[in-house]
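*Asks:* Starting off with a structure, shown below.
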4 protein chains.
Amino acid sequence: MKRRENMKGFAMMGIGKTAWIEKEKPVCGPMDAICRPLALAPCTSDVHTVWAGAIGERTNLILGHEGVGEVVEVGSLVKDFKKGDKVLVGAITPDWNSIAAQNGYPQHSGGMLSGWKFSNFKDGVFGEYFHVNDADGNLAPLPDYVDLAVGCMLSDMVPTGILGAEMADIQFGDKVCVIGIGPVGLMALAGAKIRGASEIFAVGSRPTCIQVAKDFGATEIVNYKDGDIVKQVLELTKNNGVDRVIVAGGENETIEQAVKMVRAGGKVSNINYLGEGEYVNIPRAEWGVGMGHKMIIGGLMCGGRMRMERYSLLVKTKRIDPIKLVTHTLKGFEKVEESLMMMKSKAPDLIKPVVIL
Amino acid sequence: MKRRENMKGFAMMGIGKTAWIEKEKPVCGPMDAICRPLALAPCTSDVHTVWAGAIGERTNLILGHEGVGEVVEVGSLVKDFKKGDKVLVGAITPDWNSIAAQNGYPQHSGGMLSGWKFSNFKDGVFGEYFHVNDADGNLAPLPDYVDLAVGCMLSDMVPTGILGAEMADIQFGDKVCVIGIGPVGLMALAGAKIRGASEIFAVGSRPTCIQVAKDFGATEIVNYKDGDIVKQVLELTKNNGVDRVIVAGGENETIEQAVKMVRAGGKVSNINYLGEGEYVNIPRAEWGVGMGHKMIIGGLMCGGRMRMERYSLLVKTKRIDPIKLVTHTLKGFEKVEESLMMMKSKAPDLIKPVVIL
Amino acid sequence: MKRRENMKGFAMMGIGKTAWIEKEKPVCGPMDAICRPLALAPCTSDVHTVWAGAIGERTNLILGHEGVGEVVEVGSLVKDFKKGDKVLVGAITPDWNSIAAQNGYPQHSGGMLSGWKFSNFKDGVFGEYFHVNDADGNLAPLPDYVDLAVGCMLSDMVPTGILGAEMADIQFGDKVCVIGIGPVGLMALAGAKIRGASEIFAVGSRPTCIQVAKDFGATEIVNYKDGDIVKQVLELTKNNGVDRVIVAGGENETIEQAVKMVRAGGKVSNINYLGEGEYVNIPRAEWGVGMGHKMIIGGLMCGGRMRMERYSLLVKTKRIDPIKLVTHTLKGFEKVEESLMMMKSKAPDLIKPVVIL
Amino acid sequence: MKRRENMKGFAMMGIGKTAWIEKEKPVCGPMDAICRPLALAPCTSDVHTVWAGAIGERTNLILGHEGVGEVVEVGSLVKDFKKGDKVLVGAITPDWNSIAAQNGYPQHSGGMLSGWKFSNFKDGVFGEYFHVNDADGNLAPLPDYVDLAVGCMLSDMVPTGILGAEMADIQFGDKVCVIGIGPVGLMALAGAKIRGASEIFAVGSRPTCIQVAKDFGATEIVNYKDGDIVKQVLELTKNNGVDRVIVAGGENETIEQAVKMVRAGGKVSNINYLGEGEYVNIPRAEWGVGMGHKMIIGGLMCGGRMRMERYSLLVKTKRIDPIKLVTHTLKGFEKVEESLMMMKSKAPDLIKPVVIL
């Protein structure tokens, strides 16, 4: 039997530790594809995974779940992709025939959040090669109108941001507050705009992000440095509160603030990974003593080919413009390490770095 | 100018104090009706209002928001009702042309929860006469197939219970847990059954309630005396959790339990008045670190003629059988006081008393 | 008793006949308002009403249901408006406490389509004064950021267009075809864009309308002069069909075309008044022999203050730009007649005329 | 290479012709299962397929898509099933990773209606063995509380009936008319009852079916022999019309009747296979001249393991009782032919025959 080839990858070696490692190339099952990366991007989740130990201990696990690839091998049952195809890859790669997927929640196939496999249950995309389960369901062709950097944004930033707007169930003319204007919050804001929001209050403080927030449709910037954000939002709405809040940053307490600033019958949609603490605290009185119809939901992006194709069309027709998230571009596979460190230290002018291979 | 007649009523005199008082008869505006009660029922909320001070201090406020009446006067703009009509009356009587009502939340017209007027902002139904705003919108004809005791249940118990099932957004075959099987929880259970639930786990301990829960469709009784209810429900579902939870009793901590026992993508629907404490605590980990798609909502019944007519039809066609809630029947207006005390002391065999006038 | 004053108005005298008439000023009930017009616009429906006899015979009926007014009198129960207020007025003025409204369909209060009262069951807005039922529910303050011409568009064109996008239930990235790009179709197109559509195919032929369609977000123009529109749309979508179709013009056969060009699981939303013919024909085979999940719905705008306020905010935040519909502006009340004739003859460069008083 | 074994099956030989044939046993792919039938049932669709040529010419195609099986072989990727397992099998067996399935319409994966494979694109279940694509997604374990005859009803009758109630989007207290009370209409009726309908009008004439309709919750029987069914239903609803109509039988004209008897804002849900004619005719006036908000939809059952498991739970908890559909039971594989002929000739006392092997 032939020994499998080795490949290089940038990995988590334990909580707080990273390294370049050598590993065997992944094996391609009948439904699967093996890809090599064309472009890669680090995510705040990678930072949480390594330095906060958010998902617990992991060793020799290649990091990364955002990227664009080229197919180098496909399984015998794969119908729509072949060697040489350039492809979009979702951060979440569900099992589409699972009970959870049949029930509308592919991201929770195999258990809550278990549609998230890259750099969680299996090696991520920061390797010379990476494995994609169910290629027909979880890859999408890279259209010629999507460049590599934007393609990386379609792995996670775009679908997660749009999920925030979707769960918020925005109606025509809604006043929406987006708390947190890092890359995910900015895409949520862009999503809110093309979902029918009128006034959009963006909560943030970094000038680079504020500029993109305005470009994406924010009508008002709320800066926590100017005082309590709940008070500011209530003033802006003459104490009526906003119709919807999308939480895309902050801490557990941010949900409390969201509940306080939303009107009766309003909705709070969370897309922020809550990494610490025992509880999220819902303020009883402002929650209408349990009867105010203030809906609270938080979710993980769905994954899958259909959404990547749909969001590509939003790029094509200029409904969204994710390239504005990409403040820094690096060249060469080995720069993946540097890009992750940039995400960790988060310089004032950084929104998102991309590595082009 | 003619002086208005006086009437008697059973009132809250301050937190912890009740008394029979004399007050002027209410005045009928152009859209309104004045009714005299034919049957009345006390509600746990009345107990909260008086003895827990749940809505703050109130003086000389006639209590009660559940009852069946006879119209004694209507305003000039009222089209569908006239003197002598027997009518169902909702506990919540919204302003139907308000922004909140146009937005789908009549119960929050005039501010969060402000569709609740009886025994809150104005005198309730425990008087010789009571005032109903917007008679065409807030009364419904008492059908001959609805008896007086059932009619009282249509004021609050039935619509609140059904709201619990509605907000839970039950799908065909869902496993549903109903926590709390007082009168509201029992009606929520009945609602869940006719909304398509399969297995229904009823959490409670009083034998009288357990019997009705079984009659209404509970497939399993979960008793907190047998241990942690979360653990019991997880065992009953092979650790998959239930699809939906309706919270109709307990304390703030009950919401925490609900979140722990519901599956990813499931829903928690609260119809319990949360009277105390600063926070409702959502367990971060079991809430999927903010990304588990476990929706949480709590609401107040909607009110209005349409729903009373619809739920009357559910009685007519025997889809629901609210008479089973009525464990005790008293005779005579003056028994209203006794009925409230029964609700306060809650004997083991009591679900709901009704006073027939 | 004082005799009521007379007023002038431009009226339908019978099918095919119009005239200026004198009538008594309308009387203000307790919930109502009397307004004088500040700006008015004719609607294609007015043309249908008079010259096609679409709603049957009408005599001495003042025409018009689009306009901005100034309140000259309010009833005793009106809370939010007073003499001198400048107001937006909806073309549809529902009875908000009706069963239909409580059921989510205020436009059908009093019977199917009966929320439409102006120039149908009572005098319209083309008089020196006009009557508005339920002023608090059916007027909205004219914001300073809405000019008079845009205010007229908020009576009917904007809410009807947005309804088209709402009923179509557009999802992020949907390909949408809008058939008919008169003023309503153009607003539907604008609505589709801010609801998340990606590619928007606009079916029309007049250059003036095509220009605005492109401004509003059309990505492709489909001209029936270039051949069968179904074939063209299928070619543009590689035979997959579009996700949604909004029908805003054409004849009964247009619905047939819509069904043919929409994918399985897609939706057809009609906002076109179908004035003639016994049937709308659904093509059996392309409708999936009854099992293709191609949903068909058609509706009337909802009416009401809340939506006028929300859509005003969409104007304020530049999400929609209805002024582009207004191709012609006339001055003086008496020009209402000319404006209607312009709507009737529909010159190539006309989208919508407005009369400023 | 070993020659594959042969097997027997009951097949369509051409339009109007059936025969027992010999064919090679089907081959099992990595995701698939091969089963042998334990119980089988014929469907009206089989009759349409053979004698009406509804899906066009087919030769040597084994018929049948309703049955319960035993797994005899599984592919290497199948996780949840193994040889010897007794299983429920859906009539529709989608490709779960397809774009259509990711979009919520697995039944249309591969093209409109193309989730329907058995006895359409590949051999059906009336063979000694049959092939199931994606075993994990399209089989469900046969629970001990589901007997074989009921198991057959879970292939098609139950999910199709429930789909009728689902698409109708029934609300608590809705008045529902079910047109057609063959086996699918009866299950739709049962579904409507447990979805919250109050009054249910069942349109039919055969005494056997009428009895089951009453058992399943019909509150009124409407017999076309007593006159126009539209007129009868309007009389029963005091000319208000019903809230929902489920069409489960009749001809294309039945949809026209449904539109006429439903109220503005109501919904018409079709689950009837419309086999002939060019058009389904929607009556323009009663459809509110295109603006009455009368939604029309028709669909194919969804398929998949999740729903079979859910509907099994509805059997377990006695929410539905499909055994009442099974009026005739035959013994032995060779009786499949006789059962199909029974379905074709439809004796007065027949609802559904089942063959136990």
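The values are calculated or read from the model by the stated rules, or taken from the named source; none is laboratory data. No experiment lies behind these values; they were computed from the predicted model shown. FYI the Cβ positions are ideal-geometry reconstructions off the backbone, even for glycines, and counts take in every protein chain you see.
*Asks:* Would you pick out the residues in the range B:161-182 that are hydrophobic (A, V, I, L, M, F, W, C) and part of a loop (DSSP other than H, G, I, E, B)?
*Replies:* The answer is B:168, B:170, B:172, B:181.
*Asks:* Ok, one more. With respect to residue B:80, is the statement that it is within 14 Å of chain C (Cβ to nearest Cβ), surrounded by 18 or more Cβ atoms within 10 Å (Cβ to Cβ) and charged (D, E, K, R) true?
*Replies:* The answer is no for residue B:80.
*Asks:* How about the range A:225-247: which of its residues are over 15 Å from residue A:165 (Cβ atoms), in contact with a strand residue (DSSP E or B) (Cβ under 7 Å, 6 or more places away or on another chain) and either of a type outside the set (Val, Ile, Thr) or at the interface with another protein chain (Cβ under 10 Å from one of its Cβ atoms) (or both)?
*Replies:* A:232, A:236, A:240, A:241
*Asks:* Shifting gears a bit: Kindly indicate which of B:223, B:239, B:252 is of a type in the set (S, T, N, Q) and in contact with a Phe, Trp or Tyr (Cβ under 8 Å, 6 or more places away or on another chain).
*Replies:* When all the criteria are applied, what remains is B:252.
*Asks:* For the range D:214-241, give me each residue that is over 27 Å from the mean Cα position of the chain (by Cα) and β-branched (Val, Ile, Thr).
*Replies:* D:237
*Asks:* How about the range C:83-160: which helices (runs of 4 or more DSSP H) wholly inside it have at least 2 residues that are under 16 Å from the mean Cα position of the chain (by Cα) and surrounded by 24 or more Cβ atoms within 10 Å (Cβ to Cβ)?
*Replies:* Result: C:148-153.
*Asks:* Same structure, new question: Filter the range B:161-178 for residues that are more than 10 Å from chain D (Cβ to nearest Cβ) and surrounded by fewer than 24 Cβ atoms within 10 Å (Cβ to Cβ) and give the result.
*Replies:* B:167, B:169
*Asks:* Can residue C:350 be described as crowded, with 24+ Cβ neighbours inside 10 Å and among the aliphatic types (A, V, I, L, M)?
*Replies:* Here the answer is no, as residue C:350 does not meet what is asked.
*Asks:* Related question: For the range B:298-350, name all the residues that are β-branched (Val, Ile, Thr) and over 26 Å from residue B:115 (Cβ atoms).
*Replies:* B:317, B:323, B:327, B:329
*Asks:* Please pick out the residue among C:133, C:97, C:103 that is farther than 14 Å from residue C:304 by Cα and of a type in the set (S, T, N, Q).
*Replies:* C:103
*Asks:* Please go through the range C:269-308 and pick out each residue that is under 25 Å from residue C:87 (Cα atoms) and more than 7 Å from chain D (Cβ to nearest Cβ).
*Replies:* C:301, C:302, C:303, C:304, C:305, C:306, C:307, C:308
*Asks:* If you don't mind, another one. For the range B:248-268, enumerate the residues that are more than 7 Å from every other protein chain (Cβ to nearest Cβ) and under 23 Å from residue A:110 (Cα atoms).
*Replies:* Result: B:257, B:258, B:259, B:260, B:261, B:262, B:263, B:266, B:267, B:268.
*Asks:* Out of the range A:136-195, which residues are at positive phi and of a type in the set (A, V, I, L, M)?
*Replies:* Passing the criteria: none in range.
*Asks:* How about the range A:222-256: which of its residues are polar (S, T, N, Q) and under 16 Å from residue B:284 (Cα atoms)?
*Replies:* A:252, A:254
*Asks:* Among the numbered conditions (1) among the charged types (D, E, K, R); (2) surrounded by fewer than 18 Cβ atoms within 10 Å (Cβ to Cβ); (3) farther than 17 Å from residue A:161 by Cα, tell me where residue A:335 comes up short.
*Replies:* Of (1) among the charged types (D, E, K, R); (2) surrounded by fewer than 18 Cβ atoms within 10 Å (Cβ to Cβ); (3) farther than 17 Å from residue A:161 by Cα, only one is false for residue A:335: (2).
*Asks:* Select from the range A:309-324 the residues that are in a helix (DSSP H, G or I) and within 12 Å of chain C (Cβ to nearest Cβ) and write down the one among them that is surrounded by the fewest Cβ atoms within 10 Å (Cβ to Cβ).
*Replies:* Checked the range A:309-324; the qualifying residue surrounded by the fewest Cβ atoms within 10 Å (Cβ to Cβ) is A:316.
*Asks:* Hey, any hits in the range D:1-12 for a residue that's over 17 Å from residue D:139 (Cβ atoms), exposed (fewer than 15 other Cβ atoms within 10 Å of the Cβ) and touching a residue at least 24 places away in the same chain (Cβ under 8 Å)?
*Replies:* The answer is no, given that none of the residues of the range D:1-12 is over 17 Å from residue D:139 (Cβ atoms), exposed (fewer than 15 other Cβ atoms within 10 Å of the Cβ) and touching a residue at least 24 places away in the same chain (Cβ under 8 Å).
Residues checked against (1) in contact (Cβ under 8 Å) with a residue 60 or more places away in the chain; (2) over 23 Å from residue C:209 (Cβ atoms); (3) crowded, with 21+ Cβ neighbours inside 10 Å:
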| site | (1), (2), (3) |
| --- | --- |
| C:224 | no, no, no |
| C:228 | no, no, no |
| C:242 | yes, no, yes |
| C:247 | yes, no, yes |
| C:251 | no, no, no |
| C:258 | yes, no, yes |
| C:263 | no, yes, yes |
| C:266 | no, yes, yes |
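*Asks:* Conditions: (1) farther than 25 Å from residue A:80 by Cα; (2) modelled with pLDDT of 95 or more. Residue A:121 meets all but one. Number of the miss?
*Replies:* Only one criterion in (1) farther than 25 Å from residue A:80 by Cα; (2) modelled with pLDDT of 95 or more is unmet by residue A:121, namely (2).
*Asks:* So residue C:139 clears everything in (1) within 13 Å of chain A (Cβ to nearest Cβ); (2) under 21 Å from residue C:70 (Cβ atoms); (3) touching a Phe, Trp or Tyr at 6+ places or on another chain (Cβ under 7 Å) except one condition, right? Which one?
*Replies:* (1)
*Asks:* If residue B:327 satisfies every condition in (1) over 30 Å from residue A:56 (Cβ atoms); (2) away from chain D (no Cβ under 14 Å); (3) part of a helix (DSSP H, G or I) but one, which is the exception?
*Replies:* Result: residue B:327 passes all but (3).
*Asks:* Which condition from (1) assigned to a loop (DSSP other than H, G, I, E, B); (2) farther than 30 Å from residue D:169 by Cα is the one that residue C:67 breaks?
*Replies:* So the condition that residue C:67 fails would be (1).
*Asks:* Which number in (1) in contact with a Phe, Trp or Tyr (Cβ under 9 Å, 6 or more places away or on another chain); (2) within 30 Å of residue D:256 (Cα to Cα); (3) hydrophobic (A, V, I, L, M, F, W, C) marks the one condition that residue D:168 misses?
*Replies:* (1)
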